[in-house]
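Student: Below is the structure I would like to discuss, written out as structure tokens.
The values are calculated or read from the model by the stated rules, or taken from the named source; none is laboratory data. Predicted model, so just to flag it, every value in this text is computed and none were measured. Here the Cβ positions follow ideal geometry from the backbone for every residue, glycine too, while neighbour counts run over all protein chains shown. Accessible surface is based on the protein model in full, side chains and every heavy atom, while ligands, DNA and RNA are left aside. Shrake-Rupley method; radii C 1.70, N 1.55, O 1.52, S 1.80 Å.
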Amino acid sequence: MLQPTDGGYTNGYHHDGAVAGGISGGHRVRRGSRGRPRGRRGGGGSSDGDARVSLGQQHNEDEEEREKPAPPCTEFDTAYFNSYAHVGIHEEMIKDRVRTDTYRNAIFQHQHFIAGKVVVDVGCGTGILSIFCAQAGARRVYAVDASDIAVQANEIVKANNLCDKVIVLHGRVEDVEIDEEVDIIVSEWMGYMLLYESMLGSVITARDRWLKPGGLILPSHATLYMAPVTHPDRYSESVDFWRNVYGIDMSAIMPLAKQCAFEEPSVETITVENVLTWPQVVKHVDCYKVTTQELESITSRFRFESMMRSPFHGFAFWFDVEFTGPRVFPLDNGMRPSFVEPSNSNMMEDNQRKKRPNPNDALVLSTAPEDPPTHWQQTLVYFYEPLDVEQDQVIEGSLTLSQSKENARFMNIHLAYSSGGRSFVKESVMR
């Protein structure tokens, strides 16, 4: 819930008065009407061809740390994996042409590196990325998935006469045994708001166990962005609707309607017209170096200047991922994406805003509002009441994203922000 920092403003309510009682958000309904989680299905696997684990790349961990037993599979993990046994979620991901085409293009762009090499696909789902790698000439592909969809993946591999190249391992990456180092890790690990569901941890585990020095990770880098937004249509649909319902005054329900509509983050599609400012970087992830501890809690400060006079309804988040080798990034080519603010601000991570590389040097899969839509859409954290801002008005504060102690796949969001002499805090949980 939002907590006051001056004068009693609470959890996104920008006015004096009572706040509606708390309502349990339950579990998020994700991926539209399917109600299936967008999750960490690739936790790893036991296999149709069991083998022993080899010692992979160290990545700044000592031998004792590496040999720690795998974390237990919790009831949350089991429920998560079970949700990925449903074919609908895989259909939705595969039909996302931006996602699937970019992965296929990235794999074939790196065909010279993949040909004759060993690949592990973390969270293989139906096995489509594993098959792309086999088509690109991989000598062997370990397709790992903890969900029962792995059974179907194995049948798909057989139907495509790839059993000599693709080995489907049904189990968690934390548990599966492979008796050789791998040259490439491929994984579609990104959740809503990039880090939701913590699947990146499984990629890190695979990297530290098996990836050879100088190996390739696809995607290699990821960046989470945020920006203030205005969205009067969304507010009107969810809240103002109750002012007059078939000629009946139902405005008494409006506090409850706000609570139900805006208590939790919302996954939806917005356009650049909804964005009030240039976006800023929340977190840049280098998949070759990132640690699981680094992802447990992330804090970033922000400072925006509104480009227009408008009601300020909340913050939007989106991400992009890049497919480059470990020594190619970062690129200092003087180019910047059309939608990232040029600034010399020293408030951002690493004292700079990240620049996308030249498309000729790296493929980029973007979920930004100005780019073609994907199944990830954008994630919005709405206030219960909009805040009116003027052109050039400053909006500043800090954001903390942390893994929930209840379930590490959930994400706690803590927003402290101020504008026009008023300060607020909005807290939310992405379940």
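Student: Filter the GluC sites (Glu not before Pro) in segment 66-162 down to the DSSP loop ones having no more than 13 other Cβ atoms within 10 Å, then list what survives.
Tutor: Working: sites: Glu67, Glu75, Glu91, Glu92, Glu155; in loops: Glu67.
In loop regions of segment 66-162 (DSSP not H, G, I, E or B), the sparsely surrounded GluC sites (Glu not before Pro) are Glu67.
Student: Also, quick follow-up: For segment 203-329, what size does the Cα cloud have along each of its three principal axes, sorted from largest down, in whole Å?
Tutor: Here the spans come out as 69, 31, 22 Å, largest first.
Student: Related question: Could you compute the FRET efficiency for Arg243 and Glu268, with r as their C-beta to C-beta distance and R0 at 22 Å, rounded to 0.05?
Tutor: 0.45
Student: Work out the charge dipole of segment 75-188 with +1 on the Cβ of Lys and Arg and -1 on the Cβ of Asp and Glu about the Cα centre, then indicate which of His86, Cys163, Val120 is farthest towards its positive end.
Tutor: Cys163
Student: Quick one: if you stick a label point 7 Å off each Cα along the C-beta vector at Arg303 and Val429, how many nm between them?
Tutor: 3.5
Student: How far is the Cα center of segment 202-272 from the Cα center of segment 129-195, in Å?
Tutor: After rounding, the separation between the Cα centres reads 30 Å.
Student: Shifting gears a bit: Using 0.36 nm per residue, how much length does the chain from Lys289 to Arg97 gain when fully extended, once their Cα-Cα distance is taken away? Working shown, then result.
Tutor: Details: separation 192, 0.36 × 192 = 69.12 nm, distance 2.92 nm.
Going from the current span to full extension adds 66.2 nm.
Student: Could you tell me what fraction of 2.2 N^0.38 Å the Cα radius of gyration of segment 374-431 comes to, as a two-decimal ratio?
Tutor: Values: Rg = 13.9 Å, N = 58, 2.2 N^0.38 = 10.3 Å.
The reported ratio for this selection is 1.35.
Student: For segment 136-242, what value does the Rg/Rh ratio take when both radii are computed over Cα atoms and Rh is the Kirkwood radius, given to two decimals?
Tutor: Numbers: Rg = 19.5 Å, Rh = 16.8 Å.
A ratio of 1.16.
Student: In terms of solvent-accessible area of protein heavy atoms at a 1.4 angstrom probe, what is the ranking of Lys283, Lys95, Lys117, Lys405, highest value first? Mind dumping the intermediate values first?
Tutor: Working: Lys283 15, Lys95 135, Lys117 65, Lys405 200 Å².
From most accessible down to least: Lys405, Lys95, Lys117, Lys283.
Student: Given segment 75-188, report the % of alpha carbon pairs whose separation exceeds 25 Å. If you can, show how the numbers build up before the last one.
Tutor: On the way: 1063 of 6441 pairs.
So the pairs more than 25 Å apart make up 17 percent of the total in segment 75-188.
Student: Hey, which of these cross-link pairs are over 27 Å Cα-Cα: Lys289/Lys405; Lys117/Lys158; Lys95/Lys405; Lys95/Lys165; Lys283/Lys426; Lys405/Lys426? Walk me through the numbers before you get to the answer.
Tutor: Working: Lys289/Lys405 24 Å; Lys117/Lys158 21 Å; Lys95/Lys405 34 Å; Lys95/Lys165 25 Å; Lys283/Lys426 19 Å; Lys405/Lys426 19 Å.
From the list (Lys289/Lys405; Lys117/Lys158; Lys95/Lys405; Lys95/Lys165; Lys283/Lys426; Lys405/Lys426), the Cα-Cα distance tops 27 Å for Lys95/Lys405.
Student: What's the extension gain from Glu390 to Val87 if we count 0.36 nm per residue and subtract their Cα-Cα distance? Show your work: numbers first, answer last.
Tutor: Working: separation 303, 0.36 × 303 = 109.08 nm, distance 4.77 nm.
Using 0.36 nm per residue and subtracting the Cα-Cα distance, I get 104.3 nm.
Student: Leaving ligands and nucleic acids out of the surface, order His112, His170 by accessible area at 1.4 Å, largest first.
Tutor: On the way: His112 150, His170 60 Å².
Accessible-area ranking of His112, His170, largest first: His112, His170.
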